[in-house]
Structure formats: structure tokens, C-alpha cells
1. Regarding the stretch 231-238, can at least one residue be identified that is surrounded by fewer than 16 Cβ atoms within 10 Å (Cβ to Cβ), modelled with pLDDT under 80 and of a type in the set (Ser, Thr, Tyr)?
2. Which number in (1) touching a Ser or Thr at 6+ places or on another chain (Cβ under 8 Å); (2) at pLDDT 70 or above marks the one condition that residue 274 misses?
3. I'd like the full set of residues that are modelled with pLDDT of 90 or more and either of a type in the set (Val, Ile, Thr) or over 23 Å from residue 85 (Cα atoms) (or both), limited to the stretch 146-159.
4. Taking residue 117, is it part of a loop (DSSP other than H, G, I, E, B), modelled with pLDDT of 70 or more and either crowded, with 17+ Cβ neighbours inside 10 Å or of a type in the set (A, V, I, L, M, F, W, C) (or both)?
5. Taking interchain pairs and intrachain pairs at least six residues apart, which have beta carbon atoms under 8 angstrom, with the first residue in the stretch 86-111 and basic (Lys, Arg) and the second part of a loop (DSSP other than H, G, I, E, B) and at pLDDT below 70?
6. State all residues of the stretch 59-85 that are of a type in the set (Ser, Thr, Tyr) and modelled with pLDDT under 70; if no residue qualifies, say none.
7. Applying the selection to the stretch 165-206, what residues are buried (at least 19 other Cβ atoms within 10 Å of the Cβ), more than 20 Å from residue 74 (Cα to Cα) and not charged (D, E, K, R)?
8. Go through (1) closer than 22 Å to residue 215 by Cβ; (2) modelled with pLDDT of 95 or more for residue 56 and report which single condition fails.
Amino acid sequence: MATNSIIARGGVIHVPPISLAFYRWFFVFLILLPFTISSILENRNYLLKEYKQLFFLGFMGCGICGAFPFLAGLTTTVTNIGIIYTSSPIFIILISSIFFKEKIFRLQIYGLAICLLGVFLIITKGKISLLLSLKFTAGDLWVLGAAIGWALYAIFLLRWKSRFSFFARFCLIALMGSLSLLPFMIIENIFFRNIIFDKYFYFWTLFAAFSPGIIAYTIHQKVQKSLGASTTGFILYLFAIYGAFYGIIFFNENLEIYHYTGAFLVFLGVFCAKKKFKLLQ
């Protein structure tokens with residue numbers, strides 16, 4: 001999932017942000033369709049029963065979470081995106097606890113705090129003064145929307161049961177996500193920026209479709225099925241860790257001591273979050 005940061009830095013230079021999000025998920029749909037079409041047709045009667053749920057999941061997981069971070073990158077900093085997006089696990093825990101009475105565990109709270117400390121250490125380069133000097137812009141609201149959208153996607157993906165197979169459901173979610181982005185993509189191309197269908201377009205859209213698309217979402221759904229939405233939400237903190245290493249590999253950024261310290265705290269926090277000690281009996 002952290003490869004999405006590579007796309008946010010490099011892809012939007014060549015492809016308009018909403019268009020990039022649209023074609024990313026449309027290509028996911030086209031790639032998965034040959035492998036899932038028979039399963040979808042066999043269960044087509046259930047499509048009428050589940051299409052509202054599928055559209056909601058597509059709109060949140062592919063539309064909101066697909067386009068908002070790219071839009072945010074136009075008006076806010078990578079540091080701000082990193083800070084705000086880490087609020088998603090908090091929304092997952094709060095929504096699950098308040099609306100679905102999911103139990104909160106003591107070490108989940110400790111793990112959450114430790115993870116936040118590790119992430120802040122990395123994005124502030126170990127200097128608290130940088131955190132205090134951050135200025136928030138309108139683009140930060142796009143990131144906040146993406147964080148809430150991911151929380152809702154993660155929760156309802158687990159709670160809503162489906163008669164479709166794993167990949168058939170994912171294929172339909174990708175289709176619904178691209179459909180939710182279609183009108184906004186058209187507006188973007190008419191009034192703001194046109195798509196250029198060159199080699200860069202196909203590279204970035206296909207890369208986005210495979211790496212932070214098919215691979216990341218498949219692994220996320222598998223993990224969430226085993227660990228639940230709240231615990232799995234903590235993987236977003238690993239985003240900052242791997243994002244830092246991608247910056248070193250692809251953008252010649254330096255590896256500093258705060259990277260090691262922050263990474264240790266994040267992994268410690270994720271370890272604590274997996275322990276099932278109840279906060280409330």
C-alpha cells in the first residue's frame with residue numbers, strides 16, 4: 001500500500017489525479033474480470049441484493065480513498081498527508097466501538113499511542129519544533145476525508161457478508177469505484193486538465209492498479225478477515241515506515257536514526273495492538 005506514495009509523488013505529474021484514480025480501478029476491474037466473470041454470472045441474482053453495498057464499498061474504498069490523497073497532494077505537503085492519514089485507525093476503533101459495540105482492548109490503546117509516536121517521530125525527523133510549525137491547508141480536508149473513507153470501507157467490508165467469491169466481489173467493488181469517479185473524471189478533463197494517453201499514462205495507471213491496487217487490497221482483505229477491522233487498521237502506521245524507505249530508494253533521501261527509532265516504535269505498537277487484553281470488562 002505504501003507504493004501509493006510513489007504514485008502520489010510521480011504519477012500525478014503525468015496523469016490528472018481523478019483520472020489516475022478512475023483508470024486505476026477500471027484497469028483492476030478489467031484485469032480481474034476474465035477470472036471472475038463465470039462466478040459473477042452464476043450469482044447475478046445476488047447482484048440486485050448487494051449492489052448498494054458494493055457501490056458504497058467502491059465509493060469509499062476506491063473513490064474516496066483513491067482520489068482524495070492525489071487531490072490533497074496538489075495543495076498540501078507529504079508530511080501533512082502522513083500525519084492526517086494516520087487518524088484512520090482511530091476512526092476505525094471509534095466507529096466500531098460506538099456503533100457496533102466492538103470491544104476495545106487495553107493494549108490496543110497503548111499500541112495506538114506508541115504507533116502515533118513512531119509515525120510523528122519519522123515525519124518530524126525527530127524534531128518536535130517541526131510538528132509545532134506545521135500549517136494546515138484546505139488540502140488537508142481531502143486527506144481527512146480519505147482517512148474516514150478508509151475507516152468506513154474497512155469496517156463495512158468485514159461486516160457485510162457477500163454471496164460472491166473473494167475476487168468476484170473485489171472485481172465488482174473496483175467497477176463500482178470507477179463508476180463513482182466517472183462523472184468527476186469527466187469534469188476534470190473538461191474544465192481542468194486533459195489526459196494524455198502516452199507511455200507514462202499506462203505505466204502509472206497499471207502500476208497503481210497492480211501494486212497498491214490488486215496486491216495491497218487483496219492482502220488487506222485477507223488479513224482483516226483473520227484479525228478484524230480495528231487490529232488490521234494498524235497496518236496504516238506501517239505506511240510511514242515503508243514510505244520512508246521508498247523515499248530512500250527512489251528519491252535519494254537519507255536514512256537517519258529517527259527512521260530506525262520510529263520504525264521500532266511502530267512495530268512495537270502493532271505488536272501490542274494484537275494482544276487481546278480488555279480495556280473494559
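1. Looking for residues that are surrounded by fewer than 16 Cβ atoms within 10 Å (Cβ to Cβ), modelled with pLDDT under 80 and of a type in the set (Ser, Thr, Tyr), one finds none in the stretch 231-238, hence no.
2. Exception for residue 274: condition (2).
3. Scanning the stretch 146-159 gives no hits.
4. Here the answer is no, as residue 117 does not meet what is asked.
5. 103/279; 103/280; 106/277; 106/279
6. Kept after step one, since they are of a type in the set (Ser, Thr, Tyr), are these residues of the stretch 59-85: 75-77, 79, 85.
Passing the criteria: 76, 77, 79.
7. 168, 170, 171, 172, 173, 174, 175, 176, 177, 178, 180, listed by residue number.
8. Result: residue 56 fails condition (1) only.
The values are calculated or read from the model by the stated rules, or taken from the named source; none is laboratory data. Note that the coordinates shown come from a computational prediction; the quantities given were computed from them, not determined experimentally. Neighbour counts run over all protein chains shown; Cβ positions are idealised from the backbone, glycine included.
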